[in-house]
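> Have a look at this one before I ask anything.
What follows is calculated from the coordinates using simple rules that are stated; it is not laboratory data. This structure is a prediction, so every number in the text was calculated from the model and none was measured. Here the Cβ positions follow ideal geometry from the backbone for every residue, glycine too, while neighbour counts run over all protein chains shown.
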Amino acid sequence: MQHLLAALLTRGYRVLGPTVRENAIVYDTLTSVDDLPIGYTDEQDGGSYRLKRRADQALFGYAVGPQSWKSFLHPPSIRLWHAKREGRSFQMIPEQQEVPKLAFFGVRSCELHALAIQDRVFLQGAYVDPVYQARRDRLCIVAVNCGQAGGTCFCASMETGPQVTAGFDLALTEVLQEDRHYFVIQIGTAAGAELFHEVPYREASSEEIERAEHIVKETAEHMGRHLETTGIKETLYRNLDHPRWEEVAQRCLSCANCTMVCPTCFCTTVEDVTDLTGQQAERWRTWDSCFTADFSYISGGSIRPSVKARYRQWMTHKLATWIDQFGTSGCVGCGRCITWCPVGIDITEEARAIAKEDTR
Amino acid sequence: MIVPAVNPMVPQLYRTGRIRRETLDTCTVEFEPEDGSKVPPFASGQFNMLYVFGVGEIPVSMSGDPTRREKLIHTIRMVGPVSKALCELKRGDSVGVRGPFGNGWPVELAAGKDVVLVGGGLGLAPLRPAIYQVLAGREKYGKIVLLCSAHTPSYLLYQRELEAWRARFDLEVGVIVGHATSAWRGNVGYVTKLVSKAAFDPANTVAMVCGPEVLMRSTAAELEKQGVAAEHIFLSMERNMKCGIGFCGHCQYGPYFICKDGPVFQYSHLRTLLVKGEI
Amino acid sequence: MKTLESILAEHPFFKEFAPEYLQLMKGCASNAFYRAGTYIFREDEDASHFYVIRQGKVALEISAGSLGMITIETLDAGEVLGWSWLFPPYRWHFSARAVEPTRVTMLDGICLRTKCNEDHDLGYELVRQAAAVMMQRLQATRLQLLDAYAYDPRARSRL
């Protein structure tokens, strides 16, 4: 693994990957294999996340943490331009972007799907987002097949994992046996193949490949949660007045955690700021959430003043209207929204409750 | 769909020309590109994002003639800091303009049919480019009916123009206000009353409706009751907008992004959304 | 010269009434003409008649204190004016002023109520048509009210 990391570093990539910080596994700069959360696992449930030590020295023995990769391609805060006043006019100065070459090390299948989903939003519409595109174009992806399912994972329901299928340069499956610890590696692109030449390897035996496939199959059968996706869009469209929305609104704090940790949520706001003299102005784009009270504000008031309306907006967007907008579900089953909700609201449970008492 | 040729998040500079106060709380402002070029082409129904240096940016529909590209014309209602700042501009001040964004009124679809245009309050402003367009090609259309409503007579927009349109023989103009003093000799009541009295062939009509959401809903329902197909009734919707290009997510209305799937929609597509609260 | 019966038959309010009902009602009917600016009736007066507008425009007004007389609705040819003759205390809740030269057919309230009591089928038909118009007016009035609030951002914040 160190060889692979070194190969990336020598090619000038800024390598980002999982690392332990403040009792969670976050994505940050990696310079050595030792930065990885070796021997750690996570225990996740609604509103709960704990790191625990494993009996072995697995490099990737955990699910996903609070962050997703989106903060590197779709920055939480970025200046779009600044302007200087010139008499009664002003001069617009567009931003020159300094865009680093990024390598994501340890991307899970759900996250690959999330990337593809955000590609559809930012690159395949009538407009292309230059900020996202500049970072996405040069991205190198080393993916990982999950060796265990997290407590809130449901990628199997969303058909987004755990087996990595597309969108990677290299994909690793970690295999730990009593006497051996190795990786079965699949090459996805020519770029991945080129990287790989600097890593000591040999052809995998069919037994080793079977072992790797078996691990992933086991993961798929131990998902923490399940979401019934058949007809979910129509069910939600039909039940916009279901009493369950009122019920979940009693619990939801509209804290917006779910939208921050979600790997596909992309909403932003645009803020115009000036200095005290009024001579300089800047436009910033920052992450925003449909859970905020003034997200939907138009002259006189918000369209969605109640928490009920805002929770409904988020969930129906994620699971229903997203399909009409972009052709796929907006949810990849990573479970973050369940883990990181302070009151443990579970999107799979809400969907189940609504479908169960469908007001057909 | 017409889209801007330049980076859509960077405003182009325009200089303020004439400003006219229309009513107590609305003004009409004319802008010209600062570099002396013509206003980029736009379709009636589209909108711009107007930026006042140091104050902020808001979406405002086009209000001018799409064929006259010397000036960019916007009618603005003062409801917040940016709209107030726009109405307080002085001739010669610069503003930033991003656009045009959105889709347009179905003027081409209306060819060969009767056209009913309904503007409630400020709704007349986004409709005006379509009125200009339809009158400029008058021979293409059957009957043309323009119905306007306002809170009171002093809130009527474009009063001089309304009088000029009213004086034409090839256009029916109906005006109604919410309440008035006895000095007003016109209609008082709700705009739906004008719809039922107007002369047009519902089976062969395209209707374009703009105004507060409740007004558009009830007008569309009345038009449908009179026999106009829901696919031929068009509304211009409004939601919070930050980017105008489908990325910020604020303007979502059900599955639609008002900025790129709208702001003009067929009534048949909005029927279930319009009756839902807080959508 | 048109007969009262045929005038009623042509009016949108009565077009679904059977001819025998129009026969019954014509005895209560008479024609009237109001010059522009004159009052057909005033607030709180005896609500003695039901008015069927044949030509012209009528403004419904309410006295609104310091604002003066405010017109809240106008009615045109083909519409009807007045419901207070149907229910006690039979007093007008607003004033009606002719905006333009206006021709009406007026039906005496006591006469109509007597005939309705004698013939309940007629009564049912009359009240049914009246209710339909009232419902339409009520809905329009509610929308007008909403419009008044929706238009004024200051009013909204007080909601």
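> Counting other Cβ atoms within 10 Å of each Cβ, which GluC sites (Glu not before Pro) in region B:86-165 have at most 14 and sit in a DSSP loop?
Qualifying residues, ordered by number: B:Glu88, B:Glu108.
> Sticking with this structure for a sec: As an exercise, find the ratio Rg/Rh for region C:61-109 from alpha-carbon atoms, using the Kirkwood inverse-distance average for Rh.
We get a ratio of 0.99 for region C:61-109.
> Which FRET efficiency, nearest 0.05, do A:Ser77 and B:Arg271 yield, Cβ-Cβ r, R0 45 Å?
0.70
> For region B:45-202, what ratio Rg/Rh do Cα atoms give with a Kirkwood hydrodynamic radius?
Rounded to two decimals, Rg/Rh equals 0.99.
> To the nearest 20 debye, what charge dipole does the protein assembly as shown have about its Cα centre, counting +1 at the Cβ of each Lys and Arg and -1 at the Cβ of each Asp and Glu?
Once rounded to the nearest 20, the dipole reads 2320 debye.
> Next up: Can you compute the modelled spin-label distance between B:Val6 and C:Tyr90, with each label point 7 Å from Cα toward Cβ, in nm?
Using points 7 Å along Cα→Cβ, the separation is 7.6 nm.
> About the Cα centre of region A:261-346, what is the dipole size in debye to 20, counting +1 per Lys and Arg Cβ and -1 per Asp and Glu Cβ, all else neutral?
So the dipole magnitude of region A:261-346 works out to roughly 400 debye.
> Report, in whole Å, the centroid distance computed from the Cα atoms of region A:322-354 and region A:179-195.
32 Å
> Let me ask something else about it. Take the Cβ-Cβ distance between B:Arg21 and B:Lys225 as r, set R0 to 56 Å, and report the resulting FRET efficiency rounded to the nearest 0.05.
0.90
> Now, a different point. Can you give me the C-alpha center-to-center distance between region B:74-129 and region C:61-112, rounded to a whole angstrom?
So the separation of the two Cα centres works out to 39 Å.
> Can I ask one more? When you have a sec, figure out the Kirkwood radius of the protein assembly as shown from all distinct Cα pair distances and drop it here in Å to one decimal?
After inverting the mean inverse Cα-Cα distance, the result is 30.7 Å.
> Right, here's the next one. Cα-based Rg of region B:12-101 per 2.2 N^0.38 Å, rounded to two decimals?
0.97
> Here's a follow-up. For C:84-90, what's the mean count of beta carbons from other chains sitting within 10 Å of each residue's beta carbon?
0
> For region B:114-236, what ratio Rg/Rh do Cα atoms give with a Kirkwood hydrodynamic radius?
Over the Cα atoms of region B:114-236, Rg/Rh equals 0.93.
> Please list, by residue number, everything in region C:60-78 whose backbone N is under 19 Å from a paramagnetic label point 7 Å out along Cα→Cβ of C:Arg42.
Once the point is set 7 Å along Cα→Cβ of C:Arg42, C:60-72 turn out to lie under 19 Å by backbone N, inside region C:60-78.
> Radius of gyration and Dmax for region C:4-157's Cα atoms, expressed in Å?
Every Cα atom of region C:4-157 included, Rg and Dmax give 16.7, 55 Å.
> Mean 1/r over all different Cα pairs, inverted: what Kirkwood radius does region A:165-260 give, in Å?
18.2 Å
> For region A:132-187, which trypsin sites (Lys or Arg not before Pro) are in a loop by DSSP, counting at most 10 other Cβ atoms within 10 Å?
Here the trypsin sites (Lys or Arg not before Pro) that fit, given the DSSP loop and packing criteria, are A:Arg180.
> Can you tell me the FRET efficiency between A:Ile38 and A:Gln96 if r is taken as the Cβ-Cβ distance and R0 is 35 Å, rounded to the nearest 0.05?
Efficiency, rounded to the nearest 0.05: 0.35.
> Out of every Cα pair in region A:16-156, what percent are spaced more than 25 Å from each other?
40 percent
> Another question about this same structure. Measuring from label point to label point, each 7 Å out along Cα→Cβ, what is the A:Lys84 to B:Ser154 span in nm?
4.7 nm
> I need the trypsin sites (Lys or Arg not before Pro) found in region C:29-109, filtered to DSSP loop residues with at most 14 other beta carbons within 10 Å of theirs.
Counting only loop positions with at most 14 other Cβ atoms within 10 Å, the trypsin sites (Lys or Arg not before Pro) in region C:29-109 are C:Arg35, C:Arg42.
> Name the helices (complete DSSP H segments) of chain C with a Cα length along the long axis of 24 Å or more and a Kyte-Doolittle mean of at least -0.5, or state none.
TM-like helix candidates: C:120-151.
> Separate question: Looking at B:Gly246, B:Leu122, A:Tyr27, which one has the Cα that reaches farthest to the positive end of the dipole of the protein assembly as shown (charges on Cβ: Lys, Arg +1; Asp, Glu -1)?
Checked the options; the winner is B:Leu122.
> Can you tell me the Rg and Dmax of chain B, counting just the alpha carbons, in angstroms?
18.1, 54
> Can you spot the aspartates and glutamates whose alpha carbon is less than 15 Å from C:Lys57's alpha carbon? Ignore those fewer than 8 places along the same chain.
C:Glu73, C:Asp76, C:Glu79, C:Glu100
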